[in-house]
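K.L.:
For reference, the structure I am asking about is given below.
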Amino acid sequence: YNYLSGEPIAALDEGRPLFARSPDSRFTLANFVRAQLYATVGALRMGMDVLREEDVRPRVMFAHGGFFTTKGVGQRVLAAALDTPVSVGAVAGKGGPWGMALLAAYLRDRGGYSSLDDYLATKVFATGSFDTVTADPVEVEGFDSFMARYRRGLPVERQAADLL
(Lines give C-alpha, C1' and ligand atoms only; values in the text may rest on other atoms or scores of the structure.)
Protein backbone atom coordinates (compact mmCIF):
# COMPACT_ATOMS: atom_id res chain seq x y z
CA TYR A 1 0.00 0.00 0.00
CA ASN A 2 1.55 3.25 -1.13
CA TYR A 3 -0.68 5.62 0.79
CA LEU A 4 1.12 8.59 2.30
CA SER A 5 -2.08 10.49 2.96
CA GLY A 6 -5.78 9.75 3.01
CA GLU A 7 -7.62 8.19 0.10
CA PRO A 8 -11.39 8.70 0.05
CA ILE A 9 -12.17 5.87 -2.39
CA ALA A 10 -10.42 3.47 0.02
CA ALA A 11 -12.09 5.07 3.06
CA LEU A 12 -8.72 6.08 4.53
CA ASP A 13 -8.37 9.33 6.46
CA GLU A 14 -4.60 8.84 6.63
CA GLY A 15 -2.13 6.49 5.02
CA ARG A 16 1.04 4.63 5.85
CA PRO A 17 3.33 2.93 3.34
CA LEU A 18 2.83 -0.76 3.98
CA PHE A 19 3.97 -3.98 2.34
CA ALA A 20 2.19 -7.19 3.33
CA ARG A 21 2.22 -10.67 1.87
CA SER A 22 0.84 -14.06 2.72
CA PRO A 23 3.22 -16.72 4.07
CA ASP A 24 2.82 -18.86 0.97
CA SER A 25 3.41 -16.10 -1.58
CA ARG A 26 6.56 -16.15 -3.71
CA PHE A 27 8.67 -13.25 -2.49
CA THR A 28 10.79 -12.39 -5.52
CA LEU A 29 12.07 -9.06 -6.79
CA ALA A 30 9.79 -9.34 -9.84
CA ASN A 31 6.71 -9.95 -7.67
CA PHE A 32 7.67 -7.14 -5.29
CA VAL A 33 8.04 -4.64 -8.15
CA ARG A 34 4.79 -5.87 -9.74
CA ALA A 35 2.99 -5.30 -6.42
CA GLN A 36 4.37 -1.73 -6.29
CA LEU A 37 3.16 -1.01 -9.83
CA TYR A 38 -0.25 -2.56 -9.20
CA ALA A 39 -0.68 -0.64 -5.93
CA THR A 40 0.03 2.58 -7.81
CA VAL A 41 -3.22 2.19 -9.75
CA GLY A 42 -5.21 0.46 -6.98
CA ALA A 43 -7.21 3.55 -6.01
CA LEU A 44 -7.90 4.36 -9.67
CA ARG A 45 -9.22 0.82 -10.16
CA MET A 46 -11.53 1.20 -7.16
CA GLY A 47 -12.93 4.38 -8.69
CA MET A 48 -13.40 2.69 -12.06
CA ASP A 49 -15.23 -0.16 -10.32
CA VAL A 50 -17.71 2.40 -8.99
CA LEU A 51 -18.21 3.70 -12.54
CA ARG A 52 -18.69 0.15 -13.84
CA GLU A 53 -21.45 -0.35 -11.28
CA GLU A 54 -23.11 2.63 -13.00
CA ASP A 55 -22.52 0.91 -16.37
CA VAL A 56 -19.86 3.42 -17.44
CA ARG A 57 -17.10 1.77 -19.48
CA PRO A 58 -14.48 3.83 -21.33
CA ARG A 59 -13.60 2.75 -24.87
CA VAL A 60 -9.99 3.83 -24.41
CA MET A 61 -7.99 5.59 -21.71
CA PHE A 62 -5.51 8.29 -22.73
CA ALA A 63 -2.75 8.38 -20.15
CA HIS A 64 0.20 10.59 -19.30
CA GLY A 65 2.56 11.22 -16.39
CA GLY A 66 5.71 9.81 -14.90
CA PHE A 67 4.16 6.34 -14.53
CA PHE A 68 4.43 6.07 -18.34
CA THR A 69 8.07 7.18 -18.71
CA THR A 70 9.31 3.65 -19.40
CA LYS A 71 7.62 2.65 -22.64
CA GLY A 72 4.93 0.02 -22.24
CA VAL A 73 5.37 -0.86 -18.57
CA GLY A 74 2.89 1.43 -16.83
CA GLN A 75 0.68 1.25 -19.89
CA ARG A 76 0.33 -2.56 -19.63
CA VAL A 77 -0.33 -2.33 -15.89
CA LEU A 78 -3.06 0.28 -16.37
CA ALA A 79 -4.62 -1.66 -19.25
CA ALA A 80 -4.77 -4.75 -17.03
CA ALA A 81 -6.12 -2.77 -14.07
CA LEU A 82 -8.93 -1.22 -16.10
CA ASP A 83 -9.41 -4.00 -18.68
CA THR A 84 -9.43 -1.15 -21.17
CA PRO A 85 -7.09 -0.16 -24.01
CA VAL A 86 -4.61 2.50 -22.90
CA SER A 87 -3.08 5.02 -25.31
CA VAL A 88 -0.04 7.13 -24.55
CA GLY A 89 1.59 9.79 -26.68
CA ALA A 90 5.25 10.36 -27.42
CA VAL A 91 5.59 12.81 -24.51
CA ALA A 92 3.36 10.87 -22.10
CA GLY A 93 6.09 10.66 -19.47
CA LYS A 94 6.31 14.43 -19.10
CA GLY A 95 3.31 14.51 -16.75
CA GLY A 96 1.93 17.65 -15.24
CA PRO A 97 -1.64 18.87 -14.95
CA TRP A 98 -2.32 18.18 -18.63
CA GLY A 99 -5.88 16.87 -18.16
CA MET A 100 -7.02 19.99 -16.33
CA ALA A 101 -5.39 22.15 -18.99
CA LEU A 102 -7.34 20.26 -21.67
CA LEU A 103 -10.61 20.79 -19.82
CA ALA A 104 -9.87 24.50 -19.43
CA ALA A 105 -9.05 24.80 -23.14
CA TYR A 106 -12.27 22.98 -24.01
CA LEU A 107 -14.30 25.36 -21.86
CA ARG A 108 -12.63 28.27 -23.61
CA ASP A 109 -13.09 26.83 -27.15
CA ARG A 110 -16.22 24.69 -26.82
CA GLY A 111 -18.38 26.88 -29.05
CA GLY A 112 -17.02 25.20 -32.17
CA TYR A 113 -17.41 21.62 -30.93
CA SER A 114 -20.48 19.48 -30.29
CA SER A 115 -19.01 17.78 -27.20
CA LEU A 116 -15.83 17.19 -25.21
CA ASP A 117 -15.44 13.91 -27.13
CA ASP A 118 -15.60 15.86 -30.43
CA TYR A 119 -13.09 18.45 -29.15
CA LEU A 120 -10.61 15.77 -28.07
CA ALA A 121 -10.97 13.76 -31.28
CA THR A 122 -10.73 16.67 -33.73
CA LYS A 123 -8.49 19.18 -31.97
CA VAL A 124 -6.35 17.49 -29.33
CA PHE A 125 -5.72 13.96 -30.55
CA ALA A 126 -6.26 14.29 -34.30
CA THR A 127 -2.60 14.87 -35.20
CA GLY A 128 -0.87 13.15 -32.30
CA SER A 129 1.01 9.90 -32.47
CA PHE A 130 -0.24 7.39 -29.91
CA ASP A 131 0.73 3.89 -28.95
CA THR A 132 -2.25 1.85 -27.76
CA VAL A 133 -1.99 -1.30 -25.65
CA THR A 134 -4.97 -3.61 -25.27
CA ALA A 135 -5.39 -5.45 -21.99
CA ASP A 136 -4.00 -8.99 -21.99
CA PRO A 137 -6.63 -11.35 -20.49
CA VAL A 138 -4.00 -13.16 -18.39
CA GLU A 139 -2.74 -9.84 -17.00
CA VAL A 140 -6.33 -8.70 -16.31
CA GLU A 141 -6.93 -11.92 -14.37
CA GLY A 142 -3.70 -11.38 -12.43
CA PHE A 143 -4.64 -7.81 -11.58
CA ASP A 144 -8.14 -8.85 -10.54
CA SER A 145 -6.59 -11.40 -8.17
CA PHE A 146 -4.28 -8.71 -6.77
CA MET A 147 -7.23 -6.32 -6.28
CA ALA A 148 -9.23 -8.91 -4.34
CA ARG A 149 -6.32 -9.32 -1.91
CA TYR A 150 -5.68 -5.55 -1.91
CA ARG A 151 -9.26 -4.81 -0.85
CA ARG A 152 -9.15 -7.50 1.85
CA GLY A 153 -5.98 -5.89 3.24
CA LEU A 154 -7.34 -2.34 3.49
CA PRO A 155 -8.35 -2.85 7.16
CA VAL A 156 -4.65 -3.54 7.90
CA GLU A 157 -3.76 -0.23 6.22
CA ARG A 158 -6.42 1.54 8.30
CA GLN A 159 -5.07 -0.05 11.46
CA ALA A 160 -1.50 0.98 10.61
CA ALA A 161 -2.65 4.59 10.22
CA ASP A 162 -4.46 4.43 13.57
CA LEU A 163 -1.43 2.99 15.40
CA LEU A 164 1.38 5.10 14.01
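The values are calculated or read from the model by the stated rules, or taken from the named source; none is laboratory data. Predicted, not measured: the structure shown is a model, and the values here were computed from it. Ideal geometry is used to build each Cβ from the backbone, glycine not excepted, and the neighbour counts take in all protein chains shown. These area figures cover heavy atoms from the full protein model, side chains too; ligands, DNA and RNA do not enter into them. Shrake-Rupley method; radii C 1.70, N 1.55, O 1.52, S 1.80 Å.
K.L.:
With the crude spin-label approximation of a point 7 Å out along Cα→Cβ, what separation in nm comes out for residue 25 versus residue 127?
P.N.:
Here the answer is 4.7 nm between the modelled labels.
K.L.:
In segment 14-98, what percent of the accessible surface is made up of carbon and sulfur (1.4 Å probe, ligands and nucleic acids excluded)?
P.N.:
On the way: 3020 of 5160 Å².
Its accessible area is 59 percent carbon and sulfur atoms.
K.L.:
Using mean Cβ contacts within 10 Å as the protection proxy, how do 44-51, 27-34 order, highest first?
P.N.:
Working: 44-51: 15.1, 27-34: 10.6.
Going by the mean number of other Cβ atoms within 10 Å, highest first, we get 44-51, 27-34.
K.L.:
Working out 0.36 nm times the residue gap between residue 113 and residue 13, then minus their Cα-Cα distance, what length gain in nm do you get to one decimal?
P.N.:
In short, 32.0 nm is gained.
K.L.:
Going by amide H atoms built from the backbone, whose H comes under 5 Å of the H on residue 84, apart from near neighbours?
P.N.:
Amide H to amide H, under 5 Å and 5 or more residues apart or across chains, residue 84 pairs with 135.
K.L.:
Using a simple spin-label model with points 7 Å from Cα along the Cα→Cβ vector, what separation in nm is obtained for residue 69 and residue 134?
P.N.:
3.1 nm
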